[in-house]
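Heads up, the thing below is written out as structure tokens.
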Amino acid sequence: MTSSATLPKMPVTPIFNPHGDDAIENRSIWFGNVTNLMQLNDVRYPWAVGLYQQMRENFWIPQKLDLTQDVTDYWNLTPEERYAFDGILSYLTFLDSVQTCNIPHIKASITAPEISLCMAEQISQEGMHNQSYQYMIETIIPSERRTDVYDFWRTDQVLLKRCEYIAGLYQQYIDNPTPENYFIAFLADYMLEGLYFYNGFIFFYNLASRMLMPGSADIFKMINRDELSHVRLYQKLLPEAMATLPYAEDHVYEMFDKAVQYECQWTNHIVGEQILGITAASTEQYTKYLANLRLKAIGLKPLYTEDKYKKSPYAHLERFSDTKKAGNTKANFFEAGVTSYMMSSGIGGWDEI
């Protein structure tokens, strides 16, 4: 394999290119010669327009979801559940923080305006997810514990290594922006959106199934819905990337396997065998099931071939991520409408009780 250091740099789309050609037949996701004007009346990738409209329709405001019961429930959790609550919230804050910073670097090389538009909306949603975590931390967690949640990675070496690995894949492209490193960062985005969040979501849906922290579960249901739209975006783009960018497919299985190992290690560390309904075995099965699902969606064979990795051990919790609130069916995000809000009773946090 040729060293990435010898490859050309990934081109960045200019702010304005008066010599560009926006004709639909000449448009491409990367390496196009466009003016960089948002000409959306005639597009090469109409699916992106539909996805963008759905992302916009998914708009929601975290402060309109009620966390009143969660303030009390937090102290009804076991010490192990509170530890997991704090650590997972810190981890998810990291994930959306790095996405907010990283997606603009990925977007900068996109030359199809309709796809650039989807990524612009993704950036907005990632920022809003961080506001959601802040709302939960400031509302549910007492003031003397809040800094510890934000800084969980400073004191937890497992989380620190997890964060360093994820951020390192992005930083590798920023430091050396070759097409190969671009693909690695691009694939890392897909794994983050399609793999890393979901054991955290399961923890919160597990609590909700036991009538605990229902407001938190509602917030994560909305975030879950947004993330599925991001997953769909990358599922559309990755097959194109594997056909366009150098050595792309060489990295996929190795990166997925390493991501699964890290995700299982972190989940077993923060949740382990201490939470009712979650075990090391179910974490492994679920994470490998998700990895196979994400690989299949981009046209690749499963990485884990045992029968147990063909199904989710948490199918009974899927109703808590139902964006239609039907309670018994998992909504397809292209069909789902905006969930109605329950206004908060005005409690702004632990300090006001």
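The values are calculated or read from the model by the stated rules, or taken from the named source; none is laboratory data. The model shown is predicted, which means the values in this text are computed figures rather than measured ones. Cβ: placed from backbone, ideal geometry, glycine included. Neighbour counts: every protein chain shown.
Taking the criterion of being buried (at least 17 other Cβ atoms within 10 Å of the Cβ) and either under 11 Å from Pro113 (Cβ atoms) or in contact with a Cys (Cβ under 8 Å, 6 or more places away or on another chain) (or both), the residues of region 33-72 that qualify are Val34, Asn36, Val43, Arg44, Tyr45, Ala48, Leu51, Tyr52, Met55.
Taking Leu159 as the residue in question, decide whether it is more than 23 Å from Ser216 (Cβ to Cβ), at pLDDT 95 or above, among the aliphatic types (A, V, I, L, M) and not in a loop (DSSP other than H, G, I, E, B). No, not satisfied.
Could you list all residues from region 199-214 that are in contact with a Leu (Cβ under 8 Å, 6 or more places away or on another chain) and surrounded by 21 or more Cβ atoms within 10 Å (Cβ to Cβ)? Full working, then the answer.
Just the residues of region 199-214 that are in contact with a Leu (Cβ under 8 Å, 6 or more places away or on another chain), to begin with: 200, 202, 205-207, 209-210, 212-213.
Selection gives Gly200, Ile202, Tyr205, Asn206, Leu207, Met213.
Listed by first and then second residue, the pairs with beta-carbon distance under 6 Å, at least 6 apart or on different chains, first residue in region 119-146 and closer than 18 Å to Ala108 by Cβ, second among the polar types (S, T, N, Q) and not in a loop (DSSP other than H, G, I, E, B), are Glu126/Gln99; Glu126/Thr100; Gly127/Thr100.
Just to be sure, is Asn36 under 27 Å from Gln235 (Cα atoms) and part of a helix (DSSP H, G or I)? The answer is no for Asn36. Within the set of pairs 6+ apart or on separate chains, which have a first residue in region 244-263 that is farther than 20 Å from Glu164 by Cα and touching a residue at least 40 places away in the same chain (Cβ under 8 Å), a second that is surrounded by 15 or more Cβ atoms within 10 Å (Cβ to Cβ) and among the acidic types (Asp, Glu), and C-beta atoms under 6 Å apart? These pairs meet every condition: Pro246/Glu180; Tyr247/Glu180.
Can you list the helices (runs of 4 or more DSSP H) found entirely within region 164-271 that contain at least 2 residues being within 22 Å of Leu117 (Cα to Cα)? Even if it seems obvious, please write down each step before you answer.
Details: elements: 179-191, 198-209, 214-244, 252-270.
Ranges flagged: 179-191, 214-244.
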